[in-house]
Amino acid sequence: MSWFGDWKPYVPGALHAFKLVNEHGEGHIQGGIRYAVGEAVDEPGANCDPSVMCAAGLHVADLPWVLREWTEGYRVLTVEFTAEDIAC
């Protein structure tokens, strides 16, 4: 259960957000994790502590943020996940 209550049962089904990747298909800030279209990505070492901003894990964003960060050569991916996939 998260620090703000067990909200996950109230968010059923698929959720969608966006991921900005560089020309190598990796996250554009720290790189290293490749996001291949159509494949699942997992991060077993995710930091689930809600008090740590931008901790280790897979990060997604809303479209306005992604478009502000976009630059030539980058790609915008749509990411599908469930509430159970959210670490914090």
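Tell me yes or no: at least one residue of region 13-21 is open to solvent by less than 50 Å² (accessible area, probe 1.4 Å), in contact with a helix residue (DSSP H, G or I) (Cβ under 7 Å, 6 or more places away or on another chain) and either modelled with pLDDT of 85 or more or closer than 20 Å to A87 by Cβ (or both).
Taking every residue of region 13-21 in turn, at least one turns out to be open to solvent by less than 50 Å² (accessible area, probe 1.4 Å), in contact with a helix residue (DSSP H, G or I) (Cβ under 7 Å, 6 or more places away or on another chain) and either modelled with pLDDT of 85 or more or closer than 20 Å to A87 by Cβ (or both).
Quick one: which residue in E43, E84, E80, E39 is open to solvent by 50 Å² or more (accessible area, probe 1.4 Å), in contact with a helix residue (DSSP H, G or I) (Cβ under 7 Å, 6 or more places away or on another chain) and closer than 24 Å to P12 by Cα?
E84
In region 58-77, what residues are loosely packed, with under 15 Cβ neighbours inside 10 Å and within 20 Å of P12 (Cα to Cα)?
Of everything in region 58-77, just one residue is loosely packed, with under 15 Cβ neighbours inside 10 Å and within 20 Å of P12 (Cα to Cα), namely D62.
Could you check region 62-88 and list, in sequence order, the residues that are free of Cβ contacts under 8 Å to residues at least 60 places away in the same chain and within 18 Å of G32 (Cβ to Cβ)?
E69, G73, Y74, R75, L77, A87
Those residues that are open to solvent by 100 Å² or more (accessible area, probe 1.4 Å) and either acidic (D, E) or at pLDDT 85 or above (or both), I need them from region 27-36; list them, please.
If the condition is that a residue be open to solvent by 100 Å² or more (accessible area, probe 1.4 Å) and either acidic (D, E) or at pLDDT 85 or above (or both), then R34 is the only one that fits.
Test H24 against the stated conditions and say whether it is at pLDDT 90 or above and either of a type in the set (A, V, I, L, M) or under 14 Å from the mean Cα position of the chain (by Cα) (or both).
No; evaluated as a whole, the condition is false for this residue.
Determine whether P64 is more than 14 Å from the chain's Cα centre (by Cα) and at pLDDT below 90.
Here the answer is no, as P64 does not meet what is asked.
The values are calculated or read from the model by the stated rules, or taken from the named source; none is laboratory data. Just so it is clear, the model here is predicted, and its values are computed rather than measured. Every residue, glycine as well, gets a Cβ built from its backbone with ideal geometry; the counts of neighbours run over all protein chains shown. To get the accessible areas, we keep the full protein, side chains included, count just its heavy atoms, and leave off ligands, DNA and RNA. Shrake-Rupley method; radii C 1.70, N 1.55, O 1.52, S 1.80 Å.
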